[in-house]
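The values are calculated or read from the model by the stated rules, or taken from the named source; none is laboratory data. Everything numeric here is computed off the predicted structure, so don't read it as measured data. Note: areas computed on protein heavy atoms with side chains; ligands, DNA, RNA excluded. Shrake-Rupley method; radii C 1.70, N 1.55, O 1.52, S 1.80 Å.
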Amino acid sequence: MRAPKTHGPERLLLSVCMLVPVVPAAWAAGGAPMPMPSVSAREQSPQDQAKSLYNDGIREVHKADGYQADATAATDSKKKDKALNKAHDHYSAALSKFMQAAKLDSNMHEAFNYIGYTNRKLGNYDIALSAYERALALHPGYPEALEYRGEAFLGLNRIADAQQAYLDLFAGNRALADRLLAAMKSWIDTQRTAASGSDPTAVDALDKWVQERAQIASQTAALTRQGAASSWR
């Protein structure tokens with residue numbers, strides 16, 4: 001029996017539901033909860049219910065990120081596996097909350113951004129990219145989605161796309177550009193220490209590019225500080 005055709009966010013949500021999660025391999029900070037009106041749950045509009053679910057998802061993301069950090073720092077294999085499993089469970093719980101939020105409010109770009117984030121953490125990079133595209137369609141230039149999408153590009157070895165994401169961020173959000181550059185450095189280290197199958201020449205080329213961009217970022221930051229100091233004289 002064929003599944004009915006779906007479009008837009010419904011198709012994305014259906015695709016997400018059909019995925020089997022994979023243990024995540026990286027860590028990044030979650031976002032902030034949304035303010036809620038002082039009304040009972042029964043009086044909440046669908047948009048308010050979506051915000052509540054989104055906030056629940058953010059709390060799950062914070063827990064998952066914490067366990068992911070514990071797994072990264074752990075030297076004991078049993079403790080590492082336990083932390084990874086807990087992170088997996090909380091990312092999965094968060095994904096469910098964000099999907100429900102997006103179903104109630106299909107214009108909530110933040111929810112789609114975190115559908116992408118949690119899927120990326122679960123190893124579902126292609127679905128993550130679809131979610132980021134939806135978030136950016138609703139909120140063009142949304143910097144958090146640009147940064148997260150850049151990390152998803154790395155997960156798919158789409159180096160040129162990750163580089164472009166960095167350049168886009170560098171022009172408008174230096175802090176997130178720095179975060180993506182740090183993710184690139186981590187990705188390079190991983191490719192060199194694991195049997196990843198990546199092209200060593202491409203990894204070396206990205207390493208050189210990252211070093212060049214880090215130097216440019218440092219120089220422009222210094223010029224900015226000098227300019228700010230001059231304006232106060």
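Listing for the model above:
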{"item": "Which listed pairs, of K63/K185; K79/K103; K79/K208; K103/K185; K51/K121, have C-alpha distances above 31 Å, in listed order", "result": "K79/K103; K79/K208; K103/K185"}
{"item": "Per residue value of the accessible surface for region 51-141 (all protein chains in place, 1.4 Å probe), Å²", "result": "43"}
